[in-house]
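The values are calculated or read from the model by the stated rules, or taken from the named source; none is laboratory data. Only a predicted model underlies this, so the values are computations on that prediction, with no experimental measurement involved. Methodologically, a virtual Cβ is constructed for each residue, glycine included, from the backbone with ideal geometry; neighbour enumeration extends over all protein chains shown. SASA here: full protein model, heavy atoms, side chains in, ligands and nucleic acids out. Shrake-Rupley method; radii C 1.70, N 1.55, O 1.52, S 1.80 Å.
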Amino acid sequence: MGYIAFPWEQAGILLRKMSLAGAGGNAAAWILYLVLCGWPPVCGILLARRGKGSRADLLLPVLSLVLFPGLWLLVNPSYLEGYLFAAGMGEIGKCAVSLTIDSVLLSWLLLRFLGNGTNPGRVKLLRSLELLLGVYVVLAIIGILFQGGGELREAWRSVGAAVSEPDRKSMDWLPAAGPSMGRGDRSIGLSRFVLILQMLCRYLPQALELILGVAAIGFLRSCEQGSFQEKSLKRLQGLMKLSGYFLGAVLGGNVCVNLLQVALAGYIYSTSFVLVLPLRQMIVMLGVLLLSRFWLEGKKLQEDNQLFV
């Protein structure tokens, strides 16, 4: 869960190292601490003077009030267990403090974004949507890498540990597949290869959905010059095809991995059978198809109106 505390935990570690580096380092650490915690109200004052203030900026003093104790606790993590959390809960405490800071910061950013888009033009609205999709894709990729990487490392170690474990007595009733089918016939290399396939199959729906999001960003960008350009039509048709292909890949990949595990059950140390029902991906695909239908009908209506002119 260390990635949840990023970058606030790293900032706390840096400040602590600076403070322990002597009198000069301690003074520099205090100055940096005050800058990191005091920038929100300063930013709000500067925005107000430039006429770019917003009601969302009322959250900036709140953010500063959260940063002061939050960073102090991350600089001195031993106090997390002494004052806020039970013994042994220090890591969870770091995540809780970091998430609290992130919640206020993200709330301010999103409220400013939505407030500035009350009466946006078409191009500005499209670019705002592109930005949101881009941020979502980047954060989702980071989440998949951290979560999937952690699960893969844990499963990888489990397969290695299973090599030295004795056969389970509860499995003795299974008939042998051949005269030499024993535990010695199982391959750790093959087991880990199947493990990688399992993880790929598990995260394939999310990964393909992100690729679809990138394609959607390309479609939105093509719409900036006009709502019914030929380039936009080609992008939309490609988006429709991708959504159908991806849905088939998710379902087909799940079937293939499950069949492979059954076929290699006597040669691998662990199996994990999953029934994938990508409801979210189906909703996304149907949403793309529905929006594309509206878009094509709007294009046809525009062409009909041009005939009357």
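Can you say whether residue 250 is without any contact (Cβ under 8 Å) to a residue 40 or more places away in the chain and of a type in the set (Val, Ile, Thr), as far as the supplied structure shows? Write out each step before concluding.
Working: without any contact (Cβ under 8 Å) to a residue 40 or more places away in the chain: no; of a type in the set (Val, Ile, Thr): yes.
No, not satisfied.
Within region 14-28, track down each residue that is open to solvent by 80 Å² or more (accessible area, probe 1.4 Å) and in a helix (DSSP H, G or I).
14, 16, 17, 23
Hey, among the residues in region 82-101 that are over 24 Å from residue 26 (Cβ atoms), part of a helix (DSSP H, G or I) and without any contact (Cβ under 8 Å) to a residue 40 or more places away in the chain, which one's most open to solvent (accessible area, probe 1.4 Å)?
84
Is it the case, given these coordinates, that residue 4 is more than 24 Å from the chain's Cα centre (by Cα) and either open to solvent by 30 Å² or more (accessible area, probe 1.4 Å) or more than 25 Å from residue 142 (Cβ to Cβ) (or both)? Steps first, answer last, please.
Numbers: more than 24 Å from the chain's Cα centre (by Cα): no; either open to solvent by 30 Å² or more (accessible area, probe 1.4 Å) or more than 25 Å from residue 142 (Cβ to Cβ) (or both): yes.
Considered against the rule, which asks whether it is more than 24 Å from the chain's Cα centre (by Cα) and either open to solvent by 30 Å² or more (accessible area, probe 1.4 Å) or more than 25 Å from residue 142 (Cβ to Cβ) (or both), residue 4 comes out as no.
Would you point out which residue out of 307, 296, 290 is assigned to a helix (DSSP H, G or I) and at pLDDT 70 or above?
Values: 307 fails: at pLDDT 70 or above; 296 fails: at pLDDT 70 or above.
Unique residue meeting the criteria: 290.
Considering only region 215-229, I want to know if a residue exists there that is loosely packed, with under 11 Cβ neighbours inside 10 Å, assigned to a helix (DSSP H, G or I) and either in contact with a strand residue (DSSP E or B) (Cβ under 7 Å, 6 or more places away or on another chain) or at pLDDT 70 or above (or both).
At the first step, the residues of region 215-229 found to be loosely packed, with under 11 Cβ neighbours inside 10 Å are 225.
Pick out the ones that are also assigned to a helix (DSSP H, G or I) and you get none.
Taking every residue of region 215-229 in turn, none turns out to be loosely packed, with under 11 Cβ neighbours inside 10 Å, assigned to a helix (DSSP H, G or I) and either in contact with a strand residue (DSSP E or B) (Cβ under 7 Å, 6 or more places away or on another chain) or at pLDDT 70 or above (or both).
Considering only residues of region 236-259 that are open to solvent by 40 Å² or more (accessible area, probe 1.4 Å) and of a type in the set (A, V, I, L, M), which is nearest to residue 194 (Cα to Cα)?
Applying the filter and picking the extreme gives 259.
Against the definition (open to solvent by less than 80 Å² (accessible area, probe 1.4 Å) and within 28 Å of the chain's Cα centre (by Cα)), how does residue 43 come out, yes or no? Show your work before the answer.
Working: open to solvent by less than 80 Å² (accessible area, probe 1.4 Å): yes; within 28 Å of the chain's Cα centre (by Cα): no.
Criteria not met by residue 43.
Which of the numbered conditions does residue 78 fail, given that it passes all the others? Conditions: (1) without any contact (Cβ under 8 Å) to a residue 24 or more places away in the chain; (2) surrounded by 15 or more Cβ atoms within 10 Å (Cβ to Cβ).
All conditions are met except number (2).
Would you tally the residues in region 48-58 being touching a Gly at 6+ places or on another chain (Cβ under 9 Å) and open to solvent by less than 80 Å² (accessible area, probe 1.4 Å)? Steps first, answer last, please.
Filtering region 48-58 for residues touching a Gly at 6+ places or on another chain (Cβ under 9 Å) gives 53-58.
Now drop any that are not open to solvent by less than 80 Å² (accessible area, probe 1.4 Å), which leaves 53-54, 56-57.
Counting residues in region 48-58 that are touching a Gly at 6+ places or on another chain (Cβ under 9 Å) and open to solvent by less than 80 Å² (accessible area, probe 1.4 Å) gives 4.
Taking only region 1-55 into account, find how many residues are under 29 Å from residue 145 (Cβ atoms), of a type outside the set (Phe, Trp, Tyr) and touching a Leu at 6+ places or on another chain (Cβ under 7 Å). Before you say what the answer is, go through the steps one by one.
So the first thing to find is which residues in region 1-55 are under 29 Å from residue 145 (Cβ atoms), and the list is 1-17, 36.
Now restrict to residues that are of a type outside the set (Phe, Trp, Tyr): 1-2, 4-5, 7, 9-17, 36.
From what is left, the residues that are touching a Leu at 6+ places or on another chain (Cβ under 7 Å) are 4, 9, 11-12, 15, 36.
Matching residues across region 1-55 total 6.
Right, residue 31: on the phi < 0 side of the Ramachandran plot, open to solvent by 70 Å² or more (accessible area, probe 1.4 Å) and at pLDDT 90 or above or not? First the steps, then the outcome.
Values: on the phi < 0 side of the Ramachandran plot: yes; open to solvent by 70 Å² or more (accessible area, probe 1.4 Å): yes; at pLDDT 90 or above: yes.
Yes, satisfied.
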